[in-house]
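Trainee: Below is the structure I would like to discuss, written out as structure tokens.
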Amino acid sequence: MSAINKELNAALERLAESEHLLVALDFDGTLAPFVDRPEEARTLPAARLAIERLLEVSHTTVAFVSGRAVDSLELVTENLPGVLLVGSHGAEYRFDGVDAHPPLDEQDTGRLHALTAGFSGFSDAHPGARIERKPAGFAVHTRGLDPEAAFLANDEARRIVADVCPDATVRDGKDVLEFSVLDATKGDAIVHLRDYTGATAVLYAGDDVTDEDAFAVLGEPDLALKSGEGPTIAPFRVHSPAEVAEVLDSLGRLRAATGR
Ligand SMILES: [Mg+2]
């Protein structure tokens with residue numbers, strides 16, 4: 001059965017007619033199924049094909065907007081030329097291979113040093129929990145840990161941050177807890193991307209709590225698509241990355257059929 005009902009199809013047809021279309025996509029849980037080792041996650045082949053087709057249509061921009069550090073995002077998305085990369089929930093940008101990190105000021109740098117020192121013994125105390133360093137903070141990954149070990153790791157991480165950097169931004173994700181000295185969100189990223197590309201309509205698809213910030217900045221001409229379970233403000237929902245791929249395929253065909 002198709003993941004695309006009548007309402008979603010009508011919304012995609014409207015979107016395909018827009019003057020300049022921005023297709024902005026979360027990665028993990030949206031384009032790629034979850035895997036235990038984050039570096040092994042890859043875009044589903046059907047989604048990749050659909051994205052390649054979208055990239056061939058003029059006045060159409062594709063962006064990946066992820067909580068991953070931008071280096072990690074570039075690695076797992078395997079270099080699709082022309083795709084704009086946004087990492088760390090809007091704290092890192094890489095457009096055409098050029099980095100545009102919002103710079104850390106002196107105060108943020110000081111707070112990042114305090115966080116780094118706070119987490120220095122963490123990995124030894126919590127075997128199996130993985131620390132990912134980001135330009136403006138840390139992510140603590142607990143995928144694969146048993147629930148009690150994950151709880152203890154998260155609990156201590158929160159305690160460390162409350163101690164050394166109480167005004168850090170904390171984000172809860174699926175088996176990941178993130179701390180940043182910046183307070184950029186995926187909503188900020190969409191606002192910046194819309195402005196940068198001059199898009200007249202935006203499709204945003206995502207599966208996690210932090211994607212709600214992106215949905216929140218979408219308006220009348222746009223389309224918000226939630227992937228998977230959980231509460232959302234997005235009007236449209238599909239159930240898996242495979243179904244996201246189906247939506248992208250349909251949008252690519254509709255967009256190409258407009259003769260652009
Ligand atoms: Mg995700």
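Trainee: Kindly establish whether residue 226 is surrounded by 18 or more Cβ atoms within 10 Å (Cβ to Cβ), of a type outside the set (A, V, I, L, M) and over 19 Å from residue 87 (Cα atoms).
Mentor: yes
Trainee: Further question on the same structure: Select from segment 42-56 the residues that are surrounded by fewer than 21 Cβ atoms within 10 Å (Cβ to Cβ) and closer than 16 Å to residue 259 by Cα and list them in ascending order.
Mentor: 53, 55, 56
Trainee: While we're looking at this one, here's another question. Out of all the residues in segment 160-215, which are away from the ligand (no atom under 16 Å from the Cβ), more than 25 Å from residue 17 (Cα to Cα), in a loop (DSSP other than H, G, I, E, B) and modelled with pLDDT of 90 or more?
Mentor: Hits for segment 160-215 are 165, 166, 168, 181.
Trainee: From the residues in segment 1-41 that are within 19 Å of residue 238 (Cα to Cα) and charged (D, E, K, R), which one is least open to solvent (accessible area, probe 1.4 Å)?
Mentor: Ranking the qualifying residues of segment 1-41, first place goes to 26.
Trainee: If you don't mind, another one. What number goes with the only condition from (1) β-branched (Val, Ile, Thr); (2) surrounded by fewer than 23 Cβ atoms within 10 Å (Cβ to Cβ); (3) under 15 Å from residue 24 (Cα atoms) that residue 60 does not pass?
Mentor: Only one criterion is unmet by residue 60, namely (2).
Residue-by-condition table, conditions (1) touching a residue at least 40 places away in the same chain (Cβ under 8 Å); (2) acidic (Asp, Glu); (3) not assigned by TED's automatic domain parsing to the domain that holds residue 162:
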position: 83; (1), (2), (3): no, no, yes
position: 86; (1), (2), (3): yes, no, yes
position: 89; (1), (2), (3): yes, no, yes
position: 94; (1), (2), (3): no, no, yes
position: 113; (1), (2), (3): no, no, no
position: 116; (1), (2), (3): no, no, no
position: 119; (1), (2), (3): yes, no, no
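Trainee: Quick one: in segment 216-233, which of the residues that are under 21 Å from residue 177 (Cβ atoms) and of a type outside the set (S, T, N, Q) is farthest from the ligand (Cβ to nearest atom)?
Mentor: Out of the qualifying residues, it is 231.
Trainee: Might you let me know whether segment 144-160 holds any residue that is touching a Lys or Arg at 6+ places or on another chain (Cβ under 8 Å), within 27 Å of residue 229 (Cβ to Cβ), polar (S, T, N, Q) and open to solvent by less than 60 Å² (accessible area, probe 1.4 Å)? Talk me through it step by step, then tell me what you get.
Mentor: Step one: list which residues in segment 144-160 are touching a Lys or Arg at 6+ places or on another chain (Cβ under 8 Å), which gives none.
Checked against the condition, which is being touching a Lys or Arg at 6+ places or on another chain (Cβ under 8 Å), within 27 Å of residue 229 (Cβ to Cβ), polar (S, T, N, Q) and open to solvent by less than 60 Å² (accessible area, probe 1.4 Å), segment 144-160 yields no hits at all.
The values are calculated or read from the model by the stated rules, or taken from the named source; none is laboratory data. Note that this is a predicted model, so its numbers are computed, not measured. Note that each Cβ is placed from the backbone with ideal geometry, even for glycine, and that neighbours are counted across all protein chains shown. With ligands, DNA and RNA removed, areas are computed over all heavy atoms of the protein, side chains included. Shrake-Rupley method; radii C 1.70, N 1.55, O 1.52, S 1.80 Å.
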